Each structure stands twice: as structure tokens, then as C-alpha cells.
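Asker: Right, I'll just put the structure down here and ask away after.
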There are 4 protein chains.
Amino acid sequence: MSAPTAILQMICPDQPGLVRELSGWVAANGGNIVHADHHSDQGAGLFLSRIEWQLEGFGLPREAICPTARALAERLDGAYRVNFSDYRPAVAIFVSKQDHALLDLLWRVRSGELPMRVPLVIANHADLEPIAAQFGASFAYLPVSAANREEAEARQLELLAEHQIELVILAKYMQVLTPRFLATFDSPDAFHRVINIHHSFLPAFQGAQPYHRAWERGVKLIGATAHYVTEELDGGPIIAQSTVAVGHRDEVADLIRMGRDCERLALARAVRLHLRRQVMVYRGRTAVFE
Amino acid sequence: MSAPTAILQMICPDQPGLVRELSGWVAANGGNIVHADHHSDQGAGLFLSRIEWQLEGFGLPREAICPTARALAERLDGAYRVNFSDYRPAVAIFVSKQDHALLDLLWRVRSGELPMRVPLVIANHADLEPIAAQFGASFAYLPVSAANREEAEARQLELLAEHQIELVILAKYMQVLTPRFLATFDSPDAFHRVINIHHSFLPAFQGAQPYHRAWERGVKLIGATAHYVTEELDGGPIIAQSTVAVGHRDEVADLIRMGRDCERLALARAVRLHLRRQVMVYRGRTAVFE
Amino acid sequence: MSAPTAILQMICPDQPGLVRELSGWVAANGGNIVHADHHSDQGAGLFLSRIEWQLEGFGLPREAICPTARALAERLDGAYRVNFSDYRPAVAIFVSKQDHALLDLLWRVRSGELPMRVPLVIANHADLEPIAAQFGASFAYLPVSAANREEAEARQLELLAEHQIELVILAKYMQVLTPRFLATFDSPDAFHRVINIHHSFLPAFQGAQPYHRAWERGVKLIGATAHYVTEELDGGPIIAQSTVAVGHRDEVADLIRMGRDCERLALARAVRLHLRRQVMVYRGRTAVFE
Amino acid sequence: MSAPTAILQMICPDQPGLVRELSGWVAANGGNIVHADHHSDQGAGLFLSRIEWQLEGFGLPREAICPTARALAERLDGAYRVNFSDYRPAVAIFVSKQDHALLDLLWRVRSGELPMRVPLVIANHADLEPIAAQFGASFAYLPVSAANREEAEARQLELLAEHQIELVILAKYMQVLTPRFLATFDSPDAFHRVINIHHSFLPAFQGAQPYHRAWERGVKLIGATAHYVTEELDGGPIIAQSTVAVGHRDEVADLIRMGRDCERLALARAVRLHLRRQVMVYRGRTAVFE
């Protein structure tokens, strides 16, 4: 609907003149910047930048932008990504038995909220096949156990490659990915590629059965956390969190029910931020440019 | 301003007919119930009740209500409290160097939000003496260290007895009370008497420096938790929690600043609920009757 | 899943002894009360009550509860409703072109969050027929215009009668119901039967295009309001409201997108409260017993 | 505590190259940008920018920055402001009888949250004189009525001039300022100088007694709105809003009590944003650069 834009994300050692350097590069090529945001982390001496400009009238063709940005990044000793607002990356959603997060994501794709395609749903239970079918996604039923995890992940990685998947979303997958999986699929720098939704406001209630433990502790709010997946369980950089108030009348089943809304909201928000390239990772945390 | 009421809190083993029994007792004495709330915890087989009725026209004089309620509680094998809405208990506030929680409580007392008196402020630093003076409270400066903790607490307990204190509020006191202190001052059953404000959304970031650790972890929300103090550090029954969204631009100093508002709100809410006898403790958690 | 309960809602002139009277009636028949809540509106001299008790072991059979309650209500000069927690009333959802509210309700019915059946979807556009079909609901396409409104509503009322509909939900129906429709279908007392979701935090932005007007006004939060429908446009008793923060970068399209989540949450909450008989109307407002 | 910075705010017609132009001007003088944010309003063809850079090492002395920025603004046909982070402007607080907003602001000044001085409190009732005295502010008691409004405002303007006041905060002043007052004191462009706190989530409940009207309407949330004052009553650009949930048990007095917290939070947030030059006004609305 809106005119297509290019988005440059850059992370590099901080030094004076970087905003001018980056905006100057865009302007020198006739680009009209529609959004520019930056952050300096003084403790780490890092500079993070996100610049978005209109493609119409820009002096460089799309295919030339990436190499030029690479040269810029090399000169600044930084990492970078270039993206276009009208691009729809292929995304795989990993699920188990619960349908709410999957359905919510697929509905948001259909409604235009999430600029992505979902050609592939991977599941360790067969339950959600009809939902994948209904939204035109392949459904790969790959039961995972301690015994076959290596093999199952190898098959998952094949499927990801086959469908040219650029982002994996764990939508209540309830399984831990191995370091090996991450080493193969994930990106090692500021631009992670696996998002998980955990059903607590991390770092509270890491690990299994957070709602049961929240009930036991008697907390007055529960929450959900969308984060990038790293080797550390529930320890990856947090993208979005949401909470909801609970009371003494709420049983574990109520917490699970109310938590579903938190999970849907935090996950949808995180995925949208990721797809619009509004998230960058540094020092185990995220900058979110809104 | 409003007509005075009596409030009965009761916790006892669950059995059919308890609502009728309690409301019947009030009605049989001509009491007009203005609020009645109950909760059954089926896992523990417990019944919790709070009944509030107008004193005007009630058949029993104030001094006869408590003994009658005690007989009722004994018959039901329960614990109980009776309170009157126009009663203003004496409360001691324990502080260290930070003034915001103390000031907020004292202002709310003055404005009529908190039905209590504050004759005594106890501090392990001298900084806040002028504030206590300004609101007419005695200020007891009792430095506490590992070496003199026992002695200091003995003096604190003397002061509490002297001022007939019924509730202790730790308003950023930054010290741990010993089991011995609690054994002497606190009530062992459903009606605790020491409230603390912790500067995180528990159980996340228990212990020291929660804002620093929240910053390190990169959470997208911070919070505060008001809870009853028990022997377990930051593990007592939670009364109220509040949170606020933070972002990557917020430094630790910003978290501390924003957290102050969370702390004030959660603490004020918890104290008001406690004073209006809307809180009961069971199974390490609270029922909050609003 | 949980054992079935009976729920009595009663609204009557206030007088002493009502809590005992109602709880006594339940207890006299051997009922174990699992939840009891009451409210006295002193300005209007009204008493509102909701009592829920276990059917197992209750002395009266289901079919005898309602007549007995009616006699009680007559004696108290009040209005009442009796409901059973395992009952699933037939509900009709009215829609236009937007799918999110309809889908969300149907998902929540399927997941067990909303104790109701949806045999009928009525629409003034044909777009959402596939969704109705997919969830097994009849889809009645009845275009409405100024010219045929009377006729269309007559047909709607026929369909409601045919499917024995007990609740109508306007899920972004974008049409006003006539007084005549309400006079026929709605209940005139404390127990309304038509719920609407309006896309603003009422009373702000009543009427058409609230998101456009919210953007124009430059508000920092937008919201949604679920309310019972009365003859006064967007003026009926409010059941639930939700809000979300917005900023200067959010265009009208963003407000619409973010508002969809508010609408889904407020509507789902209101419908659940209604179905669990937690809502009563008095003086143009609701008491919500949670 | 942190090293002092300069802040340039600029609003001008949009055109390509503006980010480069502004950041280039800073960089050309050796400035290290610590924060830069921009917004293009495409409907109005406007560009808004806020750039903050370290003064240490900057090539221009402080007194030369403003004239240079003026030349830049003239060339871009825009309006601008230059500010320094270590500057503490003189602020006057207008009050009536309620103390909570005044006290909260003064506490926040003392705690370092709000970079300003408060040499002057103006009141139309004498009640709050002790508070002004306690924080070292002059207290001007100027009763205002329909009969003497012109005269009283003339005296107010004299006092503002005398104390070199740069910002007026109406902290529950409960009086309307005349167009004449605004014409004299306020700034006519993007940088208004009078902030009011209104006790509703505008545009709901504009005008008098919003809490009473909120209670009458039966809303499920109440709120507060901090906004710049313009000639249109409660119609000025909104800076911050906050809300809190209410229920059927809350009487008007409870709404007033709970609203005080909303008012304090929204007002403190707005004043801090204003003082840090994070707010700019365009088209009757604000951009808030955080």
C-alpha cells in the first residue's frame, strides 16, 4: 500500500560522525529518509542504527544497495543488514499441540499485519495439520524424542533449506533446539533468526510449567516473553513482554487461558518488529527502534 | 465520612453452610451487610470469608463483637479478626536513605487515603529525620550492622511495643529482619503484620540490586512487589505488584527512577488493602477481597 | 470439566438480611456455595447478588430451582435469573466485512473459553461466509439499507427465533439496531441480551470512524468498549474496556491494526462475563462480579 | 551527573536530505551525536527533528550555537529551539486547593527527576502556602473571580516576568486562562509553554467534574491527560495520558482517589518530556521523541 522503502541496519564501534556518515550515504544517492533512529551504548562503545528511505528516486538499483552497504560496514568494522519493505520472507512455524499461537500468526499474515509468507509448519504432534492445510502451508509431522532428536533436527534443517526459510518461530513448540541446530540455522551476530514465545515474564519462571509455578507462588500478574533463541534455555535476548493481572480466584486453568492472550500479543508484536527490521541484538539484549 | 462498619475476617476448614452461618450471625443481630466476599480453596479444603456490616443498629456493642466472633471461630476451628472501619492503627515505617516511599505513605495518610497513624519511623541512617519530624512522627535512628543486629532489633521491638505498633512497613529499609524479630512481632497465622516493598516483579530478581540485574537481562518491563515478610527472603505472600515498560534507551538510573513510581503504587495499594482488612493469607499466598 | 453449578442472579430493593436470606435458601436445600458476591447501591437503594453453588447434593432438581427462585424474587420484589454452568446457550453473531472479532470468538468457543454454541452468523455482506461454514454455523446474508431495514430486521428476528438464540453479539456489525428490534429481542430488565463492541474507549469517540478521530485528536491511547446495546447509540451499559498506547508514528492504519487487539480482548472478556452470569445492569451501568 | 549535551529541535517543510543536513551541521563542528530522532508527517509535508550531542569537544561555544541554528532554521524555513541538558529553567506552578500534584512535582524536582527550578507558586486559594514555603518557592495568593480575572491575570503575568518564568504548569488550578494571558505568555509555534493536567482521558469528559460524569457513565477505566493549553478548553495538544481500571464498587470518592495517581503520573511524565525537549507540536498534536 505504502511506497516501498529500503532499510539499513548497522551495528559498529561508536565514533563521532556516524549519523552523518550513514544519512549522508543515503542522501548522496538521492534517498529521502522516512525514518532514522540510532542508539549509542556507551558501556560497550557500540553504535546501532536503523535508517529507512524511499526507494523511488533513489540513485542505486536494489541489487546495488547491499554491496555498497557491505563496503560501508567493512569500513566501519560493523555488521549490517539491508531489507526492503515489500519483501515477504519465508517463515517456518514450529508447533506442538496448542493451536492459539499458530492460528493467531496465520490470521495476522492473512490480514496483512505481518509481512511474511508461511510455507512450512513443523510439528512434533499431528494435531494441527488441518490448520496448516487451511492456510496453505506444508505440514511436516516430525515426532521428536531424546532418542531421535539429532535425526529429527537434521530433517528439520533440510526442510528449512528446501523452503528457503529465513526465520523460525517457535509457537509453543515445547522442545529445546540443540546448539547444533542453532549453529546451522541461526545467524551468529546481531541478527538472530529464531524467535520463541515463553509463557512467563522472564526471567521469572524459566523452564517447564511456568503457569503452575506462578500459581504456586501466588503472583498477582502473569506474562509472556518473546525472545530470540540462544543456547541458553529461556536466556536469549528479549524482544517483547506482556502481562495481565490475576487474582486468588484464578486457578491454573485460568492462568493458562489468560496467558494465551499474553502469548499471542507478545509473539505477534515481536515477529512484526523483527520483520520490519526494528530489532537489533547487542550484549545479550535488544534495541527496539519504534 | 461514611458510617462506621465492622469487618469480620474468618478462615476455617470448608464445609457446606458457612456463608449462611456467617451472614446469619450478622443478620440475627440486626446487622445490615454492606459487603460480603468468600473464597473456597478446594485444594486445601479451606474457606475464607470477609463480611462487613454497618455498626449502626447492630444488636451487639463493639466490645461484645470480638468475643462472640471468637466463639464462632472456635466452633468452626478457624482463625478470625474483627476490625472497625473508623479505627486507625499505629504503624511504624522502617526506612534507610531513600525518601520516596516514606513520603508517599505519609502524604496518603494525611490525605485520608490510608486509615492509619504513623507515630514512629525507624531508620538505619539519619537522612530522613526531617521528613518524620514534618509529619509529627518520632524518628529512631538505629544503625544496624552484622555486629549489632540482635541488639538493634531488641531496641526496635521495644519501640514497637512502646508505641503499640500493629503494623510494620519496610519502605525501602534495605535490611533483612531476623526470624527472631518476626517470631516476636509478627502474627503466625493468616494475618501477618510486616509488609515489605521489593523493587522487582517477584519472583524475578529476588535479593540485591534488582534494577541492575533487570538492565543486564534486558527485560522490557520492570516492576515492584509488595508482600508480607516471612523468614524466606523475598518469598512471603504477595499482596500487590505493578509494572512499567522500559526500553533500550533506559539506563539503570532510569530504571531506578521509573521503578520508584511502581514501588509507591504497589506499596500504597498493599497497605490500603491490609488496613481495610481485604487481605488474608493461606498456603503462602493471599486472597484479596475487593 | 469442573462439577456443574447453579447460579442465581438477583436484583431487588435493599433491606437488611438479604445475604442471609439468599444464602440461607441455598443452604436450607443442602447446597454448597462455591461463590457468593453482592453489591448494595446506596444511592438507588438496590441490592444485587450472584450466588453459585454445586448442583451435586442439592436438594432441588434443576427444573424446580427456577420456580422456587421466582417465588423468592416475587417476595423480594426483585428480578432474577437462574443458570447452570454446564449449559451452552445458542448465540448469534452479527458481522459485516471485518473478520477478526468473529474469528476470535469462534476460536474461543472451540478452545472452551466461551461456554456457548454459535449456530448462526448474520451478515450484511457476503464476505465472511467461509468462516461461518468452517465453524459449522449457518450464514444468513441479509443486506441492510435504509430502504429495507424494517424488512431485514423482521427476517433477522425470525432467524433468531428459529435458532432459539439467547444472545446476540454485534462483532463489528457496523449497523444500528432499531428500537423495534430491541423491543422484540432484548430483555427489558437487568439482563440484557445484545452485546456490541465499539472501537473506542467510550464515551470518547462515539459514533462513526473513531480511529480517524482519535488520530486527528492526537490521543496517546486508543481503546475498545464492549457494552450492552440500548436505544441510545454507543450509550448502553459498559461491560469491559481495554486500551493500548499509541504514538505520533502511528497512522490511522496502525490505530486500526492495534485497535483490533483491543476489540478482540474487550469483546471476549465481556462475552465470557455475560455467559458466566457475572454481569448485572442497574442505573445504566454494570456490576461485574469476578 | 552525565556530561552536558546540546539539544536542537527543528520543525520545517519536508524535503530530501534534511537528516544529513542537520547531522552534518553537528558533525562538521565535531559534535558527537548521542541521540537523533526525526519524524516526517506526510499529510502536512512537515519534518520534525530532535538532535542531541555532547558539548565536550564541540567546535562552537554555547553562545554561538543558537545564532547558527537560527540561520539554519531560516534557510529551511523552519522553527527551532536550542537547549542545554544542564540548564534548569524557572517554572511557575499554578494551584488551587488540592496538594497532590504540587507536592509530587516538588518532590520530583528535589529528587532530580525534573530538571527545573520552582521559584514561584501562584494560587487562587491560600491553602497550599505551607508547601510552597517548605520547598523555598514564593507563594502568590491571587484569588480569581469573573469580576477580577483581567486584573488577576495581569498580576500573574507581572510575577512570571519578574521570576523569568519559562514554563507554567497548571497543577489542578481549576481555572481557565484567557486568550489574552496565552497571547502574552505562550509561544505561538511548536514550542508551547503552558501545561495542564486534566482529570479524564481526553477527549472523554472535557470540562467540569469528569470523575462524577465517569461514575455516572459507568466506565471501567478512568484516566488523566497532560496537555499543552490552548484557547480551546481541554483541546490542546496531548503530551501524556494514563488510565487505571475501576469497578462497580468504586464510588466517586474512589475515582477521585485513584485518579490522583493517574494525574501525578501523567503530569510528571509530560513535564519531564517537555523539559528534556522531547516534545514538539504540529497540527494540534505532539511528536514525543523518546
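Asker: Mind checking which of D:ALA79, D:ALA44, D:ALA140 has the largest fluctuation in a GNM of chain D, springs on alpha carbons under 10 Å?
Answerer: Of D:ALA79, D:ALA44, D:ALA140, the Gaussian network model singles out D:ALA44 as fluctuating most.
Asker: Same structure, new question: Counting only other residues whose beta carbon sits under 10 Å from that of A:GLY284, what net charge do I get with K and R as +1, D and E as -1?
Answerer: Cβ neighbours under 10 Å give a net charge of +1.
Asker: What percent of all Cα-Cα pairs in the range A:112-264 falls in each 10 Å bin, counting up from 0?
Answerer: P(r) over the range A:112-264, rounded to whole percents: 10, 35, 36, 17, 2.
Asker: Right, next: Using only the alpha carbons, work out the radius of gyration and Dmax of chain A in angstrom.
Answerer: 20.2, 62
Asker: Separate question: Would you mind listing the distances between the C:GLN209 label point and the same position in each other copy? Use 7 Å along Cα-to-C-beta, nm, one decimal, shortest first.
Answerer: Spelled out, the distances from C:GLN209's label point are 3.4, 5.5, 5.6 nm.
Asker: Residue-wise, which Karplus ³J(HN,Hα) couplings in Hz belong to the range B:79-85, taking 6.51 cos²θ - 1.76 cosθ + 1.60, θ = phi - 60°, and x for glycine or proline?
Answerer: For the range B:79-85, the Karplus-derived couplings read 10, 8, 9, 10, 9, 10, 5 Hz, x marking Gly and Pro.
Asker: In the range B:90-288, carbon and sulfur make up what percent of the accessible area (probe 1.4 Å)?
Answerer: 50
Asker: In deg cm²/dmol, rounded to 500, what helix-only [θ] at 222 nm does the protein assembly as shown give when every DSSP H run of at least 4 residues adds -39500 (n - 2.57) and the total is split over its residues?
Answerer: -10000 deg cm²/dmol
Asker: What is the P(r) of the range C:5-84, as percent of Cα-Cα pairs per 10 Å bin from 0?
Answerer: Result, from short to long distances: 19, 56, 22, 3 percent.
Asker: What list of ³J(HN,Hα) values in whole Hz, one per residue of the range D:168-175 in order, does the Karplus curve 6.51 cos²θ - 1.76 cosθ + 1.60 (θ = phi - 60°) give from phi, with Gly and Pro shown as x?
Answerer: 10, 10, 8, 9, 6, 7, 6, 10
Asker: Hey, another quick one. Using a 1.4 Å probe, what is the accessible area per residue for the protein assembly as shown, in Å²?
Answerer: For the protein assembly as shown, the solvent-accessible area averages 38 Å² per residue.
Asker: Kindly provide the Kirkwood hydrodynamic radius of the range C:229-290 in Å, to one decimal, from all pairs of distinct alpha carbon atoms.
Answerer: 13.3
Asker: Still on this structure, I have one more. How far is C:PRO89 from itself in the other copies, in nm, if each label sits 7 Å out from Cα along the Cα-Cβ line, shortest first?
Answerer: Relative to the other copies, C:PRO89 has label-point distances of 4.3, 4.7, 5.6 nm.
Asker: Can you pull the three principal axis extents for the Cα set of the protein assembly as shown, in Å, largest first?
Answerer: Principal extents (Cα only, largest first): 86, 71, 69 Å.
Asker: With the label 7 angstrom out along Cα to Cβ, how close does B:THR184 come to the same site in each of the other copies, in nm, nearest first?
Answerer: Spacings between copies for this position, smallest first, are 6.4, 6.5, 7.8 nm.
Asker: Provide the net charge surrounding B:TRP215, with neighbours chosen by a C-beta distance below 15 Å and charges set as Lys +1, Arg +1, Asp -1, Glu -1.
Answerer: +2
Asker: OK, next. Identify the residue of chain A whose Cβ lies closest to the rotation axis that maps chain A onto chain B, and give that distance in whole Å.
Answerer: Smallest Cβ distance to the axis, with its residue: A:ALA204, 2.
Asker: What's the tally of Lys pairs in the protein assembly as shown whose alpha-carbon atoms lie under 24 angstrom apart, where the two lysines are 8 or more places apart or on different chains?
Answerer: So the count of such lysine pairs works out to 16.
Asker: For the range B:184-290, take N as its residue count and report Rg(C-alpha) divided by 2.2 N^0.38 Å.
Answerer: With N residues counted in the range B:184-290, Rg over 2.2 N^0.38 Å equals 1.10.
Asker: Over 10 Å intervals from 0, what percent of Cα-Cα pairs in the range B:152-221 sits in each interval?
Answerer: The calculated distribution, bin by bin, is 17, 42, 25, 15, 2.
Asker: Quick one: which residues, 5+ away or cross-chain, put their amide H under 5 Å from the amide H of B:THR230? H built at 1.01 Å from N.
Answerer: So B:THR230 has HN proximity to B:GLY235, B:GLY236.
Asker: Show me, for the range C:215-232, the HN-Hα J-couplings you get by feeding each phi into the Karplus relation (A = 6.51, B = -1.76, C = 1.60, θ = phi - 60°), rounded to Hz, glycine and proline as x.
Answerer: With the stated coefficients, the range C:215-232 comes to 5, 4, 6, x, 5, 9, 8, 10, x, 9, 9, 9, 8, 6, 8, 10, 5, 7 Hz.
Asker: As a test of the definition: with a 1.4 Å probe, what buried accessible area, both sides summed, do you compute for D against B, in Å² to the nearest 100?
Answerer: 1700
Asker: So what does the Cα-only Debye profile of the range C:56-144 read at q = 0.10, 0.11 Å⁻¹, as log10 I(q)/I(0), no solvent term?
Answerer: Here the Debye-derived log intensity ratios amount to -0.42, -0.49.
Asker: In addition: Would you tally the net charge around D:ARG88, using a Cβ to Cβ cut-off of less than 14 Å, leaving D:ARG88 out, and scoring K and R as +1, D and E as -1?
Answerer: +3
Asker: Using only the Cα atoms, what convex hull volume per residue in Å³ does the range A:63-201 have?
Answerer: Per-residue hull volume (Cα only) is 139 Å³.
The values are calculated or read from the model by the stated rules, or taken from the named source; none is laboratory data. None of the values given here were measured: they were computed from a predicted structure. FYI the Cβ positions are ideal-geometry reconstructions off the backbone, even for glycines, and counts take in every protein chain you see. These accessible areas exclude ligands, DNA and RNA; they are computed on the full protein's heavy atoms, side chains included. Shrake-Rupley method; radii C 1.70, N 1.55, O 1.52, S 1.80 Å.
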